[in-house]
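Data first, discussion second: the structure below is written as structure tokens.
The values are calculated or read from the model by the stated rules, or taken from the named source; none is laboratory data. Just so you know, these numbers come straight off a predicted model, no measurement behind them. Please note: Cβ atoms are built from the backbone with ideal geometry, for glycine as well, and neighbour counts cover all protein chains shown.
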Amino acid sequence: MQNGAGHETNIVDPSVQSAFRYRSVAGGNGCLFSDICRFHCASHRGAVVDFSNFNQPPHWPNIFGTDLVGRDLFSRILYAYRISLMLGVVVLAIAVPIGVTVGLAAGYLGGWVDFVLMRLTDVFLSIPPLVLAMSVMGVLEPTLTNGMLAVTTMWWPWYARLAYNVTRSESQEGYVLAAEIIGASRLHIMFREILPNCVPSIVTKMTLDLGFVILIASSLSFLGLGVQAPTPDLGSMVAEGGNYLPDSWWLTVFPSLAILIAVFGFNLLGDALRQVLGADQ
């Protein structure tokens, strides 16, 4: 393309150029799959547009089609997966230790500690999860970090309730009574004796919840309260594509299928772990 001064302006992303340069240097023997991955991974960025190829249905090499500014939809979904998985892992990494500690303390110590901690947990559990997350995001600026904070706020009570129920049943077992007789500290009993018996149930729930965290995060983005453009996110991609149904169906169908596959896949993994770890026994 020529600019106003008559000079040629290269609008091709440098990483795309490097992919094809790699293939030419290799004498045409470079891996085609490697070239495709390089091309797709380079074309998800918000600054890379191709108005000559905008809003195209699925075709080669854009197997999921392109969006309204010519960006490859397949690569944007892959990048959105990376963000969603990162969000899910961070949320659970924060929520699980908080919830498990609260549940262990309430279940083993009992008394006023049990009453205060579990009533606080019940308050959070009484609020619909999406409404709670929307309330937090309504106060904070809609960013990825604040989205993680909002989802974490609504997720720790579930692990507190799970750990509480397991602790209440395990605290009457013989090994706990034996540890108390020999003078083991409360912290030792909670974290060295009871916690290992909570692990199978916790790991199973974490696997199941990873898909639901992705679903909640996508719901926030669908409502405009999550990850903001031009960063790819499955929820915002579904919301944007919904404005162009049914003509540009691929803008909504493929991101929706990506959410479905993530949730369904983690549910299958969680069911398998439940059977392997015996968490349902």
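Observations, loosely collected:
- Every listed requirement among (1) farther than 26 Å from PRO200 by Cα; (2) touching a helix residue (DSSP H, G or I) at 6+ places or on another chain (Cβ under 8 Å) is met by ILE181 save one, (2).
- The residue that is modelled with the highest pLDDT, counting only those in region 243-281 that are small (Gly, Ala, Ser) and either surrounded by fewer than 14 Cβ atoms within 10 Å (Cβ to Cβ) or on the phi > 0 side of the Ramachandran plot (or both), is GLY265.
- Verdict on ASP67 being of a type in the set (D, E, K, R) and crowded, with 20+ Cβ neighbours inside 10 Å: yes
- Filtering region 159-211 to residues that are among the basic types (Lys, Arg) and farther than 30 Å from PHE266 by Cα leaves only ARG186.
- The numbered conditions (1) among the acidic types (Asp, Glu); (2) at pLDDT below 80; (3) surrounded by 12 or more Cβ atoms within 10 Å (Cβ to Cβ) are all true for GLU8 except (3).
- Of all residues in region 146-200 being aromatic (Phe, Trp, Tyr) and in contact (Cβ under 8 Å) with a residue 24 or more places away in the chain, the one that is nearest to GLY107 (Cα to Cα): TYR164
- Candidate set: region 48-70, residues that are touching a Gly at 6+ places or on another chain (Cβ under 6 Å) and under 15 Å from VAL253 (Cβ atoms); chosen: the one modelled with the lowest pLDDT: GLN56
- Test: residue in region 157-164 that is in contact with a helix residue (DSSP H, G or I) (Cβ under 8 Å, 6 or more places away or on another chain), crowded, with 17+ Cβ neighbours inside 10 Å and closer than 27 Å to LEU78 by Cα: no
- Residue check, ALA184 exposed (fewer than 14 other Cβ atoms within 10 Å of the Cβ) and among the small types (Gly, Ala, Ser): no
- Restricting attention to region 229-261, the residues that are under 24 Å from MET154 (Cβ atoms) and touching a Ser or Thr at 6+ places or on another chain (Cβ under 7 Å) total 6.
- PHE39 being at pLDDT below 85, more than 29 Å from VAL151 (Cα to Cα) and either of a type outside the set (A, V, I, L, M) or part of a helix (DSSP H, G or I) (or both): yes
- Checked against (1) in contact (Cβ under 8 Å) with a residue 24 or more places away in the chain; (2) in contact with a strand residue (DSSP E or B) (Cβ under 7 Å, 6 or more places away or on another chain), GLN56 passes all but a single condition, namely (1).
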